[in-house]
Amino acid sequence: MIVVSGFLLGLSGVRRLTKRERELLELQKLMQRLKTGIQFSARPLPELILENRDLSVCKNAAQEEGMENDPHGALEKVSASLFPEQKDFQLCRGFLTGLGTSDIEGQIEHITLYSALLEENLREARTEREQKGRLYLALGLFGGITICLILL
């Protein structure tokens, strides 16, 4: 039972790394959809958020009170809970701050800039998941085995 507990502890670390990568991929999808929505339809941000409710950021933001009046505030509030890593949260916050504050071309350039910045975070998250994921599983398993041997 102790060995399985150690393994599950390692598995929870892997799950956290996988969640980070998944959330960054969703942010990347959101950036692409917003870029397309702004470029071709010029709809306001609240409409674009409601249209993309299949993404967790928009789904949670759409449920926030006052989203229609302050979509930036709703998105920022949600992003704080979705991106526990400070580096990812700061990137998302910077992206959301400049969103919808300029003309269409300025917004497209803003999204393009933050898409490039997001690529670095996404690459880092993938590398961490691949490298640290195996390490977390091994440490959890061997930690459980070590505790069993000590107790014997």
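Summary table
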{"quantity": "Selection within segment 48-76 - under 24 Å from R22 (Cα atoms), free of Cβ contacts under 8 Å to residues at least 24 places away in the same chain, touching a helix residue (DSSP H, G or I) at 6+ places or on another chain (Cβ under 8 Å) and not aliphatic (A, V, I, L, M)", "calculated": "E51, N52, R53, N60, E64, E76"}
{"quantity": "Hey, L118 open to solvent by less than 50 Å² (accessible area, probe 1.4 Å), outside any loop (DSSP other than H, G, I, E, B) and in contact with a His (Cβ under 9 Å, 6 or more places away or on another chain) or not", "calculated": "no"}
{"quantity": "Subset of segment 34-60 [over 18 Å from V78 (Cα atoms) and either of a type outside the set (A, V, I, L, M) or modelled with pLDDT of 85 or more (or both)]", "calculated": "K35, T36, G37, Q39, F40, S41, R43, P44"}
{"quantity": "Residue within segment 90-108 that is β-branched (V, I, T) and either in contact with a strand residue (DSSP E or B) (Cβ under 7 Å, 6 or more places away or on another chain) or in a loop (DSSP other than H, G, I, E, B) (or both) present", "calculated": "yes"}
{"quantity": "The lone exception for S81 - which of (1) touching a residue at least 12 places away in the same chain (Cβ under 8 Å); (2) under 16 Å from L122 (Cβ atoms); (3) under 10 Å from the mean Cα position of the chain (by Cα) it fails", "calculated": "(2)"}
{"quantity": "Cβ pairs under 7 Å, 6+ apart, first in segment 10-26 and hydroxyl-bearing (S, T, Y), second surrounded by 15 or more Cβ atoms within 10 Å (Cβ to Cβ) and in a helix (DSSP H, G or I)", "calculated": "T18/R129"}
{"quantity": "Close pairs (9 angstrom Cβ cut-off, 6 or more residues apart or separate chains): under 16 Å from P44 (Cβ atoms) in segment 98-113, acidic (D, E) and surrounded by 12 or more Cβ atoms within 10 Å (Cβ to Cβ) anywhere", "calculated": "S102/E109"}
{"quantity": "Helices (runs of 4 or more DSSP H) contained entirely in segment 1-89, each with at least 1 residues that are within 20 Å of E128 (Cα to Cα) and open to solvent by less than 50 Å² (accessible area, probe 1.4 Å)", "calculated": "2-40, 71-82"}
{"quantity": "Any hit, segment 125-133, residues being basic (K, R) and more than 17 Å from the chain's Cα centre (by Cα)", "calculated": "yes"}
{"quantity": "Top-ranked residue of segment 121-152 - restricted to ones that are in contact with a helix residue (DSSP H, G or I) (Cβ under 9 Å, 6 or more places away or on another chain) and among the polar types (S, T, N, Q), ranked as least open to solvent (accessible area, probe 1.4 Å)", "calculated": "N121"}
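The values are calculated or read from the model by the stated rules, or taken from the named source; none is laboratory data. Just so it is clear, the model here is predicted, and its values are computed rather than measured. As a convention, Cβ positions derive from the backbone with ideal geometry for all residues, glycine included, and neighbour counts pool all protein chains shown. Protein only, heavy atoms only, side chains kept; ligands, DNA and RNA dropped before computing areas. Shrake-Rupley method; radii C 1.70, N 1.55, O 1.52, S 1.80 Å.
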